[in-house]
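Each remark here refers to the structure printed beneath this line.
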Amino acid sequence: QVQLVESGGGLVQAGGSLRLSCAASGRTFSSYAMGWFRQAPGKEREFVASISWTGGIKYYKDSVKGRFTISRDNAKNTAYLQMNSLKPEDTAVYYCAANPGLISTDPRHFGSWGQGTPVTVFS
């Protein structure tokens, strides 16, 4: 298992940007595919973005393509989610997760989760 801690959430006006970080400790970070998920009030947790071990493959939820960028720095054991052009509908608690297998969009494949960081976008 790997331990994950998110940071970088906050309150931002629509059109603004935030950068979320996910610091990992424990097992070898570079052997995990990483993902970002979010859960809005009253809604189910949903996939946002994921990245492969080396960072060479990335997947995105359609509604965030072109606005969000997932990345990772294996030397720093950290994954990132750069969020630009934020919209009120992006408001949610954002979670990072680690998958010991291949890159995936299915939350059931991710065995380690952080505690979440809240993002609120106001218009």
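Residue 119 - would you say it is in contact (Cβ under 8 Å) with a residue 60 or more places away in the chain and either of a type in the set (Val, Ile, Thr) or buried (at least 18 other Cβ atoms within 10 Å of the Cβ) (or both)?
yes
Identify the single condition in (1) assigned to a loop (DSSP other than H, G, I, E, B); (2) at pLDDT 95 or above; (3) more than 15 Å from residue 16 (Cβ to Cβ); (4) of a type in the set (Gly, Ala, Ser) that residue 101 does not satisfy, given that it satisfies every other one.
Status for residue 101: all satisfied but (2).
Would you please list the contacts, defined by Cβ atoms under 7 Å and residues six or more apart or on different chains, that run from a residue in the stretch 9-34 that is in a loop (DSSP other than H, G, I, E, B) to a residue that is among the basic types (Lys, Arg) and modelled with pLDDT of 95 or more?
Cβ pairs passing all conditions: 14/87.
Considering only residues that are in contact (Cβ under 8 Å) with a residue 12 or more places away in the chain and either over 13 Å from the mean Cα position of the chain (by Cα) or not in a strand (DSSP E or B) (or both), which ones fall in the stretch 44-53?
Start the filter on the stretch 44-53 by keeping residues that are in contact (Cβ under 8 Å) with a residue 12 or more places away in the chain, which leaves 45-53.
Residues satisfying the conditions are 45, 52, 53.
Can you find a residue in the stretch 76-97 that is part of a loop (DSSP other than H, G, I, E, B) and within 15 Å of residue 29 (Cα to Cα)?
For the stretch 76-97, residues part of a loop (DSSP other than H, G, I, E, B) and within 15 Å of residue 29 (Cα to Cα): present.
Which condition does residue 1 not pass, out of (1) in contact (Cβ under 8 Å) with a residue 40 or more places away in the chain; (2) of a type outside the set (A, V, I, L, M); (3) out of contact with any Lys or Arg (no Cβ under 7 Å at 6 or more places or on another chain); (4) open to solvent by 60 Å² or more (accessible area, probe 1.4 Å), if it passes all the others?
Just one mismatch for residue 1, condition (3).
The values are calculated or read from the model by the stated rules, or taken from the named source; none is laboratory data. Computed from a prediction, not measured in an experiment: that's the story for all the values here. Ideal geometry is used to build each Cβ from the backbone, glycine not excepted, and the neighbour counts take in all protein chains shown. Ligands, DNA and RNA are excluded from the accessible area calculation, which covers all protein heavy atoms including side chains. Shrake-Rupley method; radii C 1.70, N 1.55, O 1.52, S 1.80 Å.
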